[in-house]
Structure formats: structure tokens, C-alpha cells
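Chemist: Just passing along the structure, written as C-alpha cells.
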Ligand code: SF4
């Protein structure tokens with residue numbers, strides 16, 4: 001008889017809802033790295049594990065349910081995301097997946113994990129079909145739960161606060177826990193189980209490959225550090241931890257993973273998942289030296305924050321090591337708007353970081369948000385003009401959303417502000433997207449401004465000429481192709 005599967009990790013499929021027809025071949029296919037890390041951690045400790053990436057396979061919840069019925073694992077972990085707001089739009093798919101599993105495979109317990117589950121465990125248990133929720137990082141909590149299910153069978157019950165981080169529901173009864181402590185020494189974690197989620201299944205963002213649009217796969221993502229020491233009120237990256245936090249991997253740990261990705265899987269395109277890659281300049285420099293000495297060629301992109309960019313020579317070294325793109329969250333051009341969300345970056349510091357980065361030959365992705373609480377029409381126009389003037393190689397234009405789990409969400413709720421009633425309302429590209437209204441602007445006005453700004457930026461002849469000059473004709477044509485897709489928005 002074959003060995004029972006201890007844990008099946010499911011990454012729910014939300015592509016159609018999140019991207020519409022852009023999901024077919026334009027949007028990226030992102031590896032669920034947190035699932036890969038959790039799988040590796042449990043496997044190292046003797047558990048049998050599998051990953052079912054329903055998002056990459058484009059499997060509907062019912063198809064996932066059938067697979068679970070065939071596999072009958074001791075526990076299914078439906079994981080949304082740990083690093084950003086994409087988690088919120090995955091919540092609809094997570095709930096549907098949990099319910100489909102219950103329908104097809106009664107008795108197989110479903111655990112939810114991710115940003116929103118960490119913020120609201122009770123909500124997930126009561127309304128989203130979860131039998132268990134992990135609050136905090138999943139490594140030890142999931143291991144302990146699987147060990148308990150293994151030892152005592154499916155009837156095993158966890159008691160109140162018995163396993164740090166594990167909340168449970170038995171019928172209508174909720175068994176509470178508390179946030180599990182963050183894993184301390186992250187260099188002792190095994191690397192992502194890439195054998196269970198091969199990089200060939202994933203596809204890089206189109207802009208990340210503007211100079212190699214025919215080679216977006218294979219694709220991988222790594223951490224060199226985790227968490228963020230800042231506390232911007234709109235941002236959800238610290239929700240799982242419960243507040244600002246920061247841990248680092250050693251350059252040797254990162255190099256081991258890069259060697260496997262390159263030599264075993266032939267990966268060149270890599271996303272560095274860190275929220276702020278450049279915080280520890282000493283570690284960044286050492287890692288770059290090691291990558292350069294290894295002779296391995298990569299096409300990395302990484303997030304940074306302008307305040308953490310203090311050394312133009314380090315940027316030049318980063319470029320030499322293959323960091324071709326940096327994404328800066330500039331958010332808004334007006335200082336008043338930035339300051340109101342606890343991101344008061346100084347304009348000179350912003351310009352200094354942007355210019356040094358461009359001088360180092362690193363392409364820049366500018367992230368901007370329209371409709372932050374202090375935004376009015378004039379300040380949103382300032383943001384658009386700023387982006388157009390600098391002529392970033394790519395921009396993301398978002399609408400401000402009060403994502404569940406953030407400080408901004410609590411503020412809006414306390415003030416009685418309007419929040420989406422459905423998870424899909426938080427989706428930036430959803431037909432029913434419902435951005436936050438401001439004192440000066442209605443939600444629909446902000447959405448209309450953002451959609452028009454995206455078209456204006458990407459059809460600007462100065463931008464398209466720069467794209468062609470920098471990356472070639474294919475990049476220009478690709479952007480024009482994206483513009484042909486008309487976003488569907490509810491009236
Ligand atoms: S610096 Fe960036 S990642 Fe960190 S809290 Fe602010 S927006 Fe989030």
C-alpha cells in the first residue's frame with residue numbers, strides 16, 4: 001500500500017478573475033514560494049508533501065476537489081500569499097476551493113494560510129470554509145498540526161492555544177490560538193522545493209523580459225531578506241508577522257539556491273521577493289561579488305525603497321551582477337499625499353535614487369497609487385505628470401485600496417468608509433474594482449483616472465520611442481498589444 005500523503009499545498013487559481021483575458025499569455029505566472037518553502041520544511045522533517053499549483057495549471061476549484069478526493073491527504077493547506085496584496089484577490093478562489101474540497105472529499109480538513117487568514121482567522125473559519133487557519137508563519141505550526149493528525153488520525157482535535165498559530169473549527173465551535181512567533185534563523189530553512197513546482201511552469205512579467213520576450217520561462221523567485229522595517233499604512237507585507245520586522249539570509253545561502261536554479265533548471269529570470277532588497281548594503285555587496293565571481297548570468301528584478309539607496313557605486317555593482325530592474329514604490333508625486341500614509345519620502349531623495357539607478361544602467365519600474373486619502377484631482381495629475389516626465393521603463397498604476405489587515409483598512413472601517421463587499425472588489429483589474437473614495441474624489445472618478453492614465457502613459461510617443469530604442473521593436477509592439485485589451489469595468 002502506498003504511503004499516505006501528509007500535506008497537499010494548494011495555490012488557488014484566480015487568474016481569470018484577477019487578469020481577465022490578460023491572464024491567457026500576457027500576465028505573469030508566479031511561483032508560490034511560500035508554499036514551496038513550507039513543503040521543503042515539512043519534507044525535511046519526514047512528512048510526505050505535494051504541491052498543487054491550481055493557478056499555474058488553471059484548474060477550477062471543482063477540479064482541485066476531484067484531485068483531493070483521489071489523493072485523500074491528511075491535510076490540505078490552501079495558501080494565498082505572504083508578500084503582498086495579491087492575497088486579497090485570491091481570497092475568493094481560496095474560499096471556493098475550500099468549499100469544493102469539502103464537497104468532493106468530505107472529511108479531508110482544509111487549512112488556510114496567508115495575509116488575510118493571518119489577520120482574520122475567525123472570519124476564515126466562520127465564512128470561508130476553513131477547518132484550520134494558520135496565524136503567522138506556517139513552518140512549525142503546520143508541522144505540529146500534521147504530526148498531530150498523523151499520530152491521532154483525522155478525529156484529532158487541537159485544544160485552545162495548544163499549537164501556536166493554529167486556530168480550528170469543529171462544527172460551530174471556534175478554537176482560538178495566537179500568532180505564531182516568526183521563524184528566527186532563516187538560514188536554517190531548506191530552499192524552496194523547486195522539484196515540486198518546476199520553474200518551467202512559471203512565466204516572468206512581460207516588462208521584466210522586455211529585452212527577451214520569447215524567453216519569459218523558466219522563471220523563479222527567491223528571498224535574500226524577509227519582512228520590512230517600515231510601516232506604510234496601506235501596505236500588507238507585514239500583516240503575517242503582525243508588524244514591522246526584518247530578517248536576512250546570508251549571501252552563501254542565496255548562492256546555493258541560485259546555483260540550483262541555474263544548473264538544474266536553467267533559470268535566468270529571477271524575481272527577488274524582498275520588500276526592500278537594498279537595506280543591508282554589506283550583504284547586497286557580498287552577494288553581488290559572489291554572483292559576479294560565479295560567472296552565472298541572471299536577469300533579476302528587485303524592490304527597493306529610495307531611502308535605502310545611498311551608494312551609486314553599489315548600484316553599478318548590482319547591475320554587473322544581473323540586477324537589471326529595480327522597482328521603487330514612489331506612490332504619489334505630492335508630499336502631502338505620501339506623508340498621510342506614513343511614507344514621507346523626501347523629493348530630493350526620490351530623485352537622487354532614480355537618477356543614480358538610471359546612471360547605473362538599471363531599468364526602473366515605478367509604482368504609483370492614485371486615490372490615497374489626501375489625493376485630489378490636481379495631486380493625481382501631478383503623479384501622472386511626474387511619471388511621464390521621468391519616462392520610466394515600466395509603471396504600475398494602482399488605485400488605493402484599503403486591504404484587509406492593513407492599518408488603512410482599520411482607519412477606513414473605524415471612520416465608517418465604504419469597503420468592497422466582495423473579495424473581487426479589491427482586484428485592481430476586476431470589473432467591480434472598488435477603490436477607496438477620498439475626501440475629494442469618488443471611487444469611480446479615481447478608477448476612471450487610473451485607467452485613462454495607464455493608456456495615456458503607454459501610448460505616449462516619447463515612451464514608446466524610448467522602449468524601442470532601449471529594448472527593440474518587440475517591446476514597443478508588446479505594449480501596443482496590451483493597449484488593445486480594453487479593461488471591462490462595471491458601469
Ligand atoms: S516600504 Fe514598501 S514594503 Fe515596506 S511597508 Fe512601505 S510600502 Fe510596504
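What follows draws every value from the coordinates through simple rules; no lab data is involved. All values reported here derive from a predicted model rather than from experimental measurement. Cβ atoms come from the backbone with ideal geometry, glycine included; neighbour counts cover every protein chain shown.
Chemist: Give me the Kirkwood hydrodynamic radius of region 127-185, using the inverse of the mean 1/r over all pairs of distinct Cα atoms, in Å to one decimal.
Modeler: Working: mean 1/r = 0.0852 Å⁻¹.
Mean inverse Cα-Cα distance, inverted, gives 11.7 Å.
Chemist: Distances longer than 16 Å among the Cα atoms of region 91-130: what percent of all pairs is that? All intermediate terms of the calculation are to be shown ahead of the outcome.
Modeler: Numbers: 202 of 780 pairs.
Value for region 91-130: 26 percent of Cα pairs lie more than 16 Å apart.
Chemist: Further question on the same structure: Based on the Cβ-Cβ distance from residue 481 to residue 60, what FRET efficiency comes out when R0 is 45 Å, to the nearest 0.05?
Modeler: 0.95
Chemist: Taking every pair of Cα atoms in region 401-491, average 1/r, invert it to obtain the Kirkwood radius, and report Rg/Rh to two decimals.
Modeler: Numbers: Rg = 16.9 Å, Rh = 15.2 Å.
That ratio equals 1.11.
Chemist: What FRET efficiency comes out for residue 185 versus residue 294 if R0 is 30 angstrom and r is the Cβ-Cβ distance? Round to the nearest 0.05.
Modeler: 0.75
Chemist: Could you give me D for region 41-107, from Stokes-Einstein at 25 °C and 0.890 mPa s, where the hydrodynamic radius is the Kirkwood radius over C-alpha pairs? Units µm² s⁻¹, please.
Modeler: Result for D is 191 µm²/s.
Chemist: Please rank 101, 364, fewest neighbouring Cβ atoms within 10 Å first, as an exposure proxy.
Modeler: Lowest to highest Cβ neighbour count: 364, 101.
Chemist: Given labels modelled 7 Å from the Cα in the Cβ direction, how far is it in nm from residue 432 to residue 250?
Modeler: The answer from the label model is 5.1 nm.
Chemist: In addition: Could you bin all the Cα-Cα distances of region 7-175 into 10 Å bins starting at 0 and give me the percent of pairs in each, rounded to whole numbers?
Modeler: Each 10 Å bin holds this share of Cα pairs: 11, 43, 37, 8, 1.
Chemist: Give the Rg (one decimal place) followed by the Dmax (whole number) of region 198-484, computed from C-alpha coordinates and expressed in Å.
Modeler: 19.1, 56
Chemist: Hey, another quick one. Beyond 24 Å, what share of the Cα-Cα pairs of region 145-272 remains, rounded to the nearest whole percent?
Modeler: 54
Chemist: Relative to the longest principal Cα axis of the chain, at what angle does helix 33-44 sit, 0 to 90 degrees, rounded to 10?
Modeler: Result, in degrees: 40.
Chemist: Taking the convex hull of the alpha carbon atoms in region 325-375, what volume per residue do you get, in Å³? Could you put the intermediate results ahead of the total?
Modeler: Working: hull volume 3.0 nm³, N = 51.
So the per-residue Cα hull volume is 59 Å³.
Chemist: Give the share of C-alpha pairs in each 20 angstrom bin for the chain, from 0 to the last occupied bin, in whole percents, shortest bins first.
Modeler: 23, 58, 18, 0
Chemist: Which angle between 0 and 90 degrees, to the nearest 10, do you get for helix 86-104 versus the longest principal axis of the chain when only C-alpha atoms count?
Modeler: 30
Chemist: With everything on Cα atoms, drop me the angle between helix 473-484 and the longest principal axis of the chain, reported from 0 to 90° to the nearest 10.
Modeler: Value to nearest ten degrees: 70.
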